[in-house]
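> Questions regarding the structure given below will be posed in turn.
The values are calculated or read from the model by the stated rules, or taken from the named source; none is laboratory data. Since this is a predicted model, take the numbers as computed values, not measurements. Ideal geometry is used to build each Cβ from the backbone, glycine not excepted, and the neighbour counts take in all protein chains shown. What goes into the accessible areas is simple: the full protein's heavy atoms, side chains included, and nothing from ligands, DNA or RNA. Shrake-Rupley method; radii C 1.70, N 1.55, O 1.52, S 1.80 Å.
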Amino acid sequence: MFIVLEGIDGTGKSTQAKRLAEHFTARGRTVTLSREPTDGPWGTLLRNSANTGRLSPEEELETFLKDRRQHVAEKIAPALAAGNVVILDRYYFSTMAYQGARGFDPRKIREDNEAFAPVPDLLLILDLDVETALSRIGSRGDTANEFEQRANLERCRAIFLSLKDEPFARLIDANRSTGEVAQSILAALP
Ligand code: TYD
């Protein structure tokens, strides 16, 4: 089973991804929990660029794709082949949203990614209004860096929401307690 959590910054994806991993581990499944950008060389470059100066739009898109190609080849595909439950905190839907917000066509991004990246069985879209998301980020003490600007997040949120009617997608209201969101996620499992 291949499950992806998506949503704008501050929606609680990482916390929910961990809880979901624990849910499956407790039931005896082998879980591969991972995230993008990855901790590999391209992902590290991307994370650093949020603070040291963002790459040009073309370079940034290209780097997310390199990071993902490596992630699919070295981790995601082997884990799926081994029969593991694979849970990802962000995937190519984030490229559609964030690089789409930066001017690229989300449909083209999707096509380019689905040429090499497996489509998940379940896409959980954690949805939260941008105001609340920003206040959550603030309360975590993160700096409001460029990735996290308001107008940008509004565009990203709209692109995530445009995916909600895909047969493999479930919209999750993230404006609730961690426990309540976790319950909805369990209820969305096939
Ligand atoms: P994030 O999951 O927020 O990492 P962290 O919790 O370590 O800050 O990801 C960092 C940023 O990368 C986030 O603002 C979204 C952005 N991003 C893209 O722009 N495109 C992508 O394809 C991915 C996977 C992430």
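> Applying the selection to segment 101-116, what residues are within 11 Å of the ligand (Cβ to nearest atom) and either assigned to a loop (DSSP other than H, G, I, E, B) or closer than 26 Å to Leu20 by Cβ (or both)?
Across segment 101-116, the qualifying residues are Arg102, Phe104, Ile109, Asn113.
> For segment 93-116, give me the residue count where each residue is open to solvent by less than 20 Å² (accessible area, probe 1.4 Å) and either touching a strand residue (DSSP E or B) at 6+ places or on another chain (Cβ under 9 Å) or of a type in the set (A, V, I, L, M) (or both).
Qualifying residue count for the region: 6.
> Out of everything in segment 66-78 that is surrounded by 19 or more Cβ atoms within 10 Å (Cβ to Cβ) and more than 24 Å from Asp127 (Cα to Cα), what residue ends up being nearest to the ligand (Cβ to nearest atom)?
Once the filter is applied, the top-ranked residue is Asp67.
> What tally of residues in segment 1-43 results from selecting those that are farther than 30 Å from Asp129 by Cβ and under 16 Å from the mean Cα position of the chain (by Cα)?
So the answer is 2.
> Another question, then. Do we have Asp173 as modelled with pLDDT of 90 or more and within 25 Å of Gly100 (Cα to Cα) here?
yes
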